[in-house]
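The values are calculated or read from the model by the stated rules, or taken from the named source; none is laboratory data. Not measured: the values here are computed from a predicted model. Note: ideal-geometry Cβ built from the backbone for every residue, glycine included; neighbour counts use all protein chains shown. Surface accessibility is based on the protein's heavy atoms, side chains included, excluding ligands, DNA and RNA. Shrake-Rupley method; radii C 1.70, N 1.55, O 1.52, S 1.80 Å.
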Amino acid sequence: MLDLFLTKNPKHQAILIVTASLILLTITVLLGYAFFLKGPTKHDAKKDKNFVTVPALVGKGMYVAKKKVESAGLKFEVDQWVNSKVYPIKHVISQKPLPNIKVKKGSRVIVNVSGGKDYYSENAIRQQSAVNNENLKPLPEPPIQPRLALIGRVVVIDPGHQRKTDLTKEPIGPGSKIMKVKNPGGTLGTVSKVPEYELTLSIAKKIRERLQMRGVKVVMTRESNDVDIGNIDRARIANNAKAELFVRIHANGDSNAEKSGISTLYPALNEWTAPIYDKSLKAAKIIQKSLIETTKQNDLGIVARNNMTGFNWSKVPVVLIETGFMTNPKEDVLLNSPNYQDHLAKAISDGIIKFLQTYPPRDRIFNSQ
Ligand SMILES: [Zn+2]
């Protein structure tokens, strides 16, 4: 080899040049590869902080699945309960996104959950009652078990207000000449400086989560603060969803900073509310009781209201919960604590469930025909 470097033989020189070139090329490739490899690795590590792997959920119990999703830094959401012969009740049957995919932290993982083999969709029940109405031979009774009575039942949650105030007016009831502002701004936390629309949305989301875990289908009038929906619009969302209960979440404000406590409003009996009066009153009583038992806050009772646009346009039972006074320093701090919001959400969703279980599931379907 040494001879080769020292040689003056042209043949040997040629070999030398080729060998040297090959070595140089190899070094270049290796260095380049090492550099290239190092670059993206650093980049990936940086990306990894914001991206997490979606866990595999199919076949798992929904509570286990929820824990897995949340400990991965993701949000768990139940979309639908469906009939399943394969998966036992309350087990995940499908998920989106699929497992092992990298997604941004905080993303939603949406699952469908088994209602068991005896769970019939609302459509099946609707079809059957249609057949009954036409005096045809009835189909066999769909076996709805009492413990499944919550699955697929519809509740609309309305987080009060929105970022944008809208001072245009709308009639307080169908055909009414009395007009009220579409979107008054709502109140503001005296200590927290949190606007009412933010508070109501975070409480509403917690209620939705609890109801969904029990199989209730939840429709939200809004999921963002940047919407423009008046009180007629909100009532229409509940009407179109054929909600069994329309639950409006608000917080109170008063010039007296001492004033505190929880109240539940319901529609007074008037020209518009007769068909929904009884059930609304019932819901108000149940929910207010549940709220006071859970939170131990000052009980301001249930209050009948005649002039609320969102009540008078509603064709479904409706209540409005004043969760507390944001103008009271103590209550404002309380209302903005996530733990207290959990208590409120539990009290309200327990109340809603108790109300739903007071009436058989098909009641609503027959009434709405
Ligand atoms: Zn309000």
Quiz item: Between Tyr63 and Lys104, what FRET efficiency follows from the Cβ-Cβ distance if R0 is 22 Å, with the result rounded to 0.05?
Solution: 0.35
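Provide, as a two-decimal number, the C-alpha radius of gyration of the stretch 256-337 over 2.2 N^0.38 Å, N being how many residues it has. Show your work: numbers first, answer last.
On the way: Rg = 13.8 Å, N = 82, 2.2 N^0.38 = 11.7 Å.
Compared with the compact-globule rule of thumb, the stretch 256-337 sits at 1.17.
In the stretch 185-240, what percent of the accessible surface is made up of carbon and sulfur (1.4 Å probe, ligands and nucleic acids excluded)? The partial results should precede the final answer.
Values: 970 of 2220 Å².
Here it works out to 44 percent.
Applying a 10 Å radius around every beta-carbon, put 81-89, 210-218 in order of their mean neighbour count, most first. It would help to have the intermediate numbers written out before the result.
Values: 81-89: 15.9, 210-218: 20.8.
Highest mean packing first, the order is 210-218, 81-89.
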Quiz item: Hey, rough spin-label estimate for Lys164 and Asp228, points 7 angstrom out along Cα→Cβ, what's it come to in nanometres?
Solution: 0.3
Practice problem: Highest first, please rank the peptides 350-359, 331-340, 93-102 by the mean number of other Cβ atoms sitting within 10 Å of their residues. | Solution: 350-359, 331-340, 93-102
Quiz item: In the stretch 291-320, which residues have a backbone nitrogen under 20 Å from the label point lying 7 Å from Asn339's Cα in the Cα-to-Cβ direction?
Solution: 291-298
Quiz item: Which pairs in the list Lys182/Lys285; Lys205/Lys346; Lys242/Lys289 are over 19 Å apart, alpha-carbon to alpha-carbon?
Solution: Lys182/Lys285; Lys242/Lys289
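Given Cβ point charges of +1 (Lys, Arg) and -1 (Asp, Glu) and nothing else, what value in debye, to the nearest 20, does the dipole of the stretch 150-367 about its Cα centre take? Display every interim value, and only then the final one.
Working: 32 positive and 23 negative charges, 131 e Å.
Magnitude of the dipole: close to 620 debye.
I need the semi-axes of the equivalent ellipsoid of the stretch 150-367: take the C-alpha gyration tensor, multiply each eigenvalue by 5, square-root it, list largest first in whole angstrom. All intermediate terms of the calculation are to be shown ahead of the outcome.
Values: eigenvalues 116, 89, 51 Å².
Sorted largest first and rounded, they come to 24, 21, 16 Å.
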Self-check item: Cross-link partners of Lys105 among lysines (Cα-Cα below 16 Å; sequence separation of 8 or more within a chain)
Solution: Lys46, Lys47, Lys49, Lys66, Lys67, Lys68, Lys75, Lys96
Quiz item: Just how many % of Cα pairs in the stretch 51-119 lie over 15 Å apart, if you round to the nearest whole percent?
Solution: 44
Practice problem: Hey, for a label at Lys117 modelled as a point 7 Å past Cα toward Cβ, could you say which residues of the stretch 68-110 have their backbone N under 14 Å away? | Solution: 83-89
